[in-house]
1. Pairs only if they're at least six apart or on different chains, beta carbon under 7 angstrom, first in the stretch 29-43 and within 14 Å of Trp136 (Cβ to Cβ), second among the aliphatic types (A, V, I, L, M) and surrounded by 11 or more Cβ atoms within 10 Å (Cβ to Cβ); list them, first residue then second.
2. Would you please name the residue that is least open to solvent (accessible area, probe 1.4 Å), looking only at residues in the stretch 70-90 that are of a type in the set (Val, Ile, Thr) and assigned to a loop (DSSP other than H, G, I, E, B)?
3. Yes or no: Ile118 under 30 Å from Val85 (Cβ atoms) and under 17 Å from the mean Cα position of the chain (by Cα)?
4. What are the pairs with Cβ atoms under 6 angstrom where one residue, in the stretch 135-146, is closer than 11 Å to Phe67 by Cα and the other, located anywhere, is surrounded by 11 or more Cβ atoms within 10 Å (Cβ to Cβ) and not polar (S, T, N, Q)? Sequence gap at least six, or different chains.
5. Which residue is nearest to the chain's Cα centre (by Cα), if the candidates are limited to the stretch 139-155 and must be surrounded by 12 or more Cβ atoms within 10 Å (Cβ to Cβ) and part of a loop (DSSP other than H, G, I, E, B)?
6. Within the stretch 20-36, take every residue that is open to solvent by 70 Å² or more (accessible area, probe 1.4 Å) and assigned to a helix (DSSP H, G or I) and give me the one that is nearest to Leu81 (Cα to Cα).
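The values are calculated or read from the model by the stated rules, or taken from the named source; none is laboratory data. Just so we're clear, the structure is a prediction, and the values are computed from it rather than from any experiment. Using ideal geometry, Cβ is built from the backbone for each residue, glycine included, and neighbour counts are taken over all protein chains shown. These area figures cover heavy atoms from the full protein model, side chains too; ligands, DNA and RNA do not enter into them. Shrake-Rupley method; radii C 1.70, N 1.55, O 1.52, S 1.80 Å.
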Amino acid sequence: NAFAKRLKSFIDIGAFPRYLLPHSIELTPVDLCAEAIIKILQHNSICNVFHIYNTKLLPIRLLIDTFYEVGFEVVPLSNRLLADVITGILDDNSRKNILSGIIHDLDKNKNLIYTSNIRLNSDFTEAYLNKIGFFWPDINKDYIIRYMNYFKKIGFIDEKKEEI
C-alpha cells in the first residue's frame, strides 16, 4: 500500500514537509470501500459508474499528533531542510531503503510534492450511498492508533526512530 509505505518513510526519517500541516488527506479503509461497493451492488441503479472514496478527509495535523501519542516523533521541516536530510540519506547506502515509500514523490530538487489543484467530486456517489444507507465515518484518532499499532504488531514499522 503506497500510503502505508509513505507513512513508514516519514516515520523512519523522523520528518515530513511542513507545508502539509494545514492540509488534509483522503484515507479510504479497504473494508469500508468494500462495504460501499456491496451496498451499491445490492440496489438496482441505472447508474453504473461511481466514484468511491472517503469524502471525510483526515487532517494532517491530527495524523502527526497521533503519531506522537503512539511513540513516533515526526517533525515538520521546510522543503530546504527536508531536501538536505533526504540528500544525506541518499548518500548513506545503509539508509537509502527508508526512502522507498517517498522516492517517487521527489522532484528534481528533492522536494516532496503532494498538493494539487485537481479537486475530486463524488457528490453524486456520496448522495447515492447515503440514500441506500451507507455513510462514511470520520477517520479519528482511535482509528489511526489502531492502524499504527497494527503496523507495529506485524513489524512493518519499528518501535525505534531514526535520528535526523
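1. Cys33/Ile52; Ala36/Ile52; Ala36/Leu129; Ile37/Ile52; Lys39/Leu129; Lys39/Ile132
2. Step one: of the stretch 70-90, the residues of a type in the set (Val, Ile, Thr) are 70, 74-75, 85-87, 89.
Next, from what is left, pick out any that are assigned to a loop (DSSP other than H, G, I, E, B): 70, 74.
On the way: Val70: 17, Val74: 0 Å².
Going through the qualifying residues, I end up with Val74.
3. Working: under 30 Å from Val85 (Cβ atoms): yes; under 17 Å from the mean Cα position of the chain (by Cα): no.
The answer is no for Ile118.
4. Ile145/Val70
5. Checked the stretch 139-155; the qualifying residue nearest to the chain's Cα centre (by Cα) is Ile139.
6. Here is the first cut: in the stretch 20-36, the ones open to solvent by 70 Å² or more (accessible area, probe 1.4 Å) are 22-23, 26, 30-31, 35.
Imposing the further condition that a residue be assigned to a helix (DSSP H, G or I) reduces the set to 30-31, 35.
Values: Val30: 35, Asp31: 38, Glu35: 42 Å.
Top of the filtered list is Val30.
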